[in-house]
Amino acid sequence: MPHSDIAINKVLFLTPEVTPLAKSGGLGDVAAGLPPALAALGLDVRLVMPLYGHIDRQAHGLRDSGLEFMVPVAGWPKPCRVWQGQVGGCPVYLLHNEQYFNRQGLYSDGYGDFGDNLERFVFLCRGAVELARALGWPTQVVHAHDWQAALLPAYLATRPFDLGPLDGAAGIITIHNLAFQGVYARHDFHLTALPPYMNDVEGAEYWGNISLLKAGLITAGAITTVSPTYAQEIQQPDLGMGMDGVLRRRSPDLHGILNGVDYAQWSPENDSLLPATYSSADLSGKAACRRALLTAFGLDADLAGPVLGFIGRLTYQKGVSLIAEAAEALVGMGAGLALLGTGDADLEGALTHLAARHPGRVGLKLAFSEQLAHLLQGGSDVMLMPSRFEPCGLNQMYALRYGTPPLVHATGGLKDTVLAYEQAQGKGTGFVFHEFNREAFLEQARTACRVFAQTEVWQGLMRRGMAQDFSWTASARRYLELYQATAARR
């Protein structure tokens, strides 16, 4: 990444999610964690996101900014009122429109994706332009996140309308998960407000449809994704999701920068959601967390084998099918399973059946709970992350800090953050399998069970993981360098 002497001091983050205001996955955590780290380097970072109907304005200290303007969507002016708050000390502007955002879900409800999602996120991207105009804020870099924000870098590059203070800003887009691409019917291209020449295979056209993500990938000054390995994987057909050709062509401008962790929220020394705190120097509190976890998930209080935890979406991407296929063997090894999440109906059904067959050994909560997520990190002995693919993953980095060695598939950010255990050398921070199948997964689970029985060896493994540092500081410096280099080329 080339260096530049250009001074960057203003960055606009455009994102559909920011934790704790709105979160469906790791994107929300990144949007909350990276801006404060950039601000610590001297940048003025301001975030823009939708004001979804579920957001409790009073609970999050949001206030009406008094700013109102019209946002053109599909040739019609749509009213926008701006609310304002803070996350991590950085200003957050929330764009509100009753028609588009006064509903409970972010992108979908029980019947599937919202039919007007294209218009909703055209509104977000064009609304960011109008917000900058209303604020009179000439940012130098626009950092857009995922397909929902991808039209803004495309607007910066193609200039289909007056961009106001954003004219001349460098556009950067981050891919958090390439599986989500914002694909819509080609006859709706006019809704994007992109110039006609972008309705082509060299622009937004994508296998007979249009893709908002592709429009951003084609036009952004730089592309990032959330781990170095994932940046390589998505340039190949297996994990390129049909975009590998586009990404190979943009390879010189594609950078894998590992996500960071907010240790103020995720660290066993100061975690108020745990029944007991602990540290690398004094691990005794972890036993209390384990006992609380066994109780919460209905597992046998005298379980001698390791508790294997899982937190996340119950989907095939997350490798939950491997857990279901291997569960009988895991129980046979003496392990217990504590599983938290919701997702595919067939996987929920399979795990529900397993929990019914193995009371006291398989505990399942079909829900999402922040408190239980923290308890699983603190109380589990091993954190299962057998993902088929994983752009970055945060749970394995949290698990390392909590002295809960992860068991992971060697893909994406999991490969970049978990060092394979080697007993002979006394190295490693977790258990890593390479072939995505039941036997490879079980082989590492057997190793974990064997090592767990060796208390001193296991504690050495825990402490090596707890010593890892995945704080946002190093990643923020890399982003600053990229901002400088991209702005210099603009």
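Over what distance in Å are the Cα centres of the range 187-233 and the range 131-177 separated? The two parts, judged by their Cα centres, are 14 Å apart.
Apply the Debye scattering formula to the range 81-127, with a single equal point scatterer on each alpha-carbon and no solvent, then give log10 I(q)/I(0) at q = 0.31 Å⁻¹. After summing over all Cα pairs, the log10 values are -1.15. The H on the amide N of HIS176, modeled in the peptide plane, is under 5 Å from the matching H of ASP146, each at least 5 residues off or on a different chain.
Using only alpha-carbon positions in the range 338-478, the gyration tensor eigenvalues give semi-axes of 25, 19, 16 Å once each is multiplied by 5 and square-rooted (largest first). For the range 268-334, the Cα-based Rg and Dmax, in that order, read 14.4, 38 Å. Taking the convex hull of the alpha carbon positions in the range 194-257 and averaging its projected area over all directions gives 4.3 nm². Peptide packing for 121-127, 320-326 was compared via the average number of neighbouring C-beta atoms within 10 Å per residue; ordered from the highest value, the list is 121-127, 320-326. Summarising the amide proton neighbourhood of SER65: residues at separation of 5 or more, or on other chains, whose placed amide H is nearer than 5 Å comprise VAL82, TRP83, GLN84.
Plainly put, the range 171-220 has a radius of gyration that is 0.94 times its Kirkwood radius, both from alpha-carbon atoms, as the Rg/Rh ratio.
Along the range 441-455 the Karplus relation, 6.51 cos²θ - 1.76 cosθ + 1.60 evaluated at θ = phi - 60°, assigns HN-Hα couplings of 4, 5, 4, 6, 5, 4, 4, 4, 4, 5, 5, 4, 6, 9, 4 Hz to successive residues, with x for each Gly and Pro. Figure legend: label point modelled 7 angstrom from the Cα of PHE161 along Cα→Cβ; residues of the range 168-194 with amide N under 18 Å from it are 168-169, 188-194. Considered as an equivalent ellipsoid built on the Cα gyration tensor, the range 1-69 has semi-axes of 26, 16, 11 Å, the largest given first.
Could you report the chain's accessible area per residue, 1.4 Å probe, as an integer in Å²?
Accessible area per residue: 38 Å².
Taking packing as the residue-averaged number of other Cβ atoms within 10 angstrom, the listed peptides 216-223, 462-469 run from highest to lowest as 216-223, 462-469.
The accessible surface of the range 140-260, taken with every protein chain in place and a 1.4 Å probe, is 53 percent carbon and sulfur.
Near LEU27: Cβ cut-off under 10 Å, other residues only, Lys/Arg at +1 and Asp/Glu at -1. The net charge is -2. Compactness check for the range 32-153: Cα Rg over 2.2 N^0.38 Å is 1.05. Packing-based ranking of 28-36, 157-165, 56-64, 474-482 yields 28-36, 474-482, 157-165, 56-64, ordered from highest to lowest mean Cβ neighbour count within 10 Å. Phi angles of the range 295-307 translate, via the Karplus equation with coefficients 6.51, -1.76, 1.60 and θ = phi - 60°, into HN-Hα couplings of 5, 4, 9, x, 8, 4, 5, 9, 4, 8, x, x, 8 Hz per residue; Gly and Pro are given as x. Ordered from longest to shortest, the equivalent ellipsoid semi-axes for the range 276-422 are 21, 20, 14 Å, each the square root of 5 times a Cα gyration tensor eigenvalue. Separation of the range 295-342 and the range 56-95, taken as the distance between their Cα centroids, equals 42 angstrom. Per residue, the convex hull spanned by the Cα atoms of the range 162-283 measures out at 193 cubic angstrom. Of LYS23/LYS318; LYS10/LYS318; LYS23/LYS427; LYS23/LYS214, which ones are farther than 26 Å apart at the Cα? Over 26 Å apart, Cα to Cα: LYS10/LYS318; LYS23/LYS427.
The GluC sites (Glu not before Pro) of the range 163-262 meeting both criteria, a DSSP state outside H, G, I, E and B (loop) and at most 11 other C-beta atoms within 10 angstrom of the site's C-beta, are GLU202. For VAL87, the residues whose amide H sits under 5 Å from its own are VAL92, ignoring neighbours fewer than 5 places away on the same chain, with H placed 1.01 Å from N.
Across every pair of non-identical alpha carbons in the range 396-490, the mean reciprocal distance, once inverted, gives a Kirkwood radius of 14.8 Å. Each other residue within a Cβ distance under 11 Å of PRO391 adds +1 if Lys or Arg and -1 if Asp or Glu, for a net charge of -4. Taken along its three principal axes, the alpha carbon spread of the range 318-361 comes to 27, 19, 14 Å, from the longest extent down to the shortest.
Stokes-Einstein diffusion of the range 114-226 at 37 °C, 0.692 mPa s viscosity, Kirkwood radius from Cα pairs, rounded to a whole number: 238 µm²/s.
The values are calculated or read from the model by the stated rules, or taken from the named source; none is laboratory data. Here the structure is a predicted model, which is why all the values come from computation and not from measurement. All Cβ positions, glycine included, derive from the backbone under ideal geometry; neighbour counts span all protein chains shown. Surface accessibility is based on the protein's heavy atoms, side chains included, excluding ligands, DNA and RNA. Shrake-Rupley method; radii C 1.70, N 1.55, O 1.52, S 1.80 Å.
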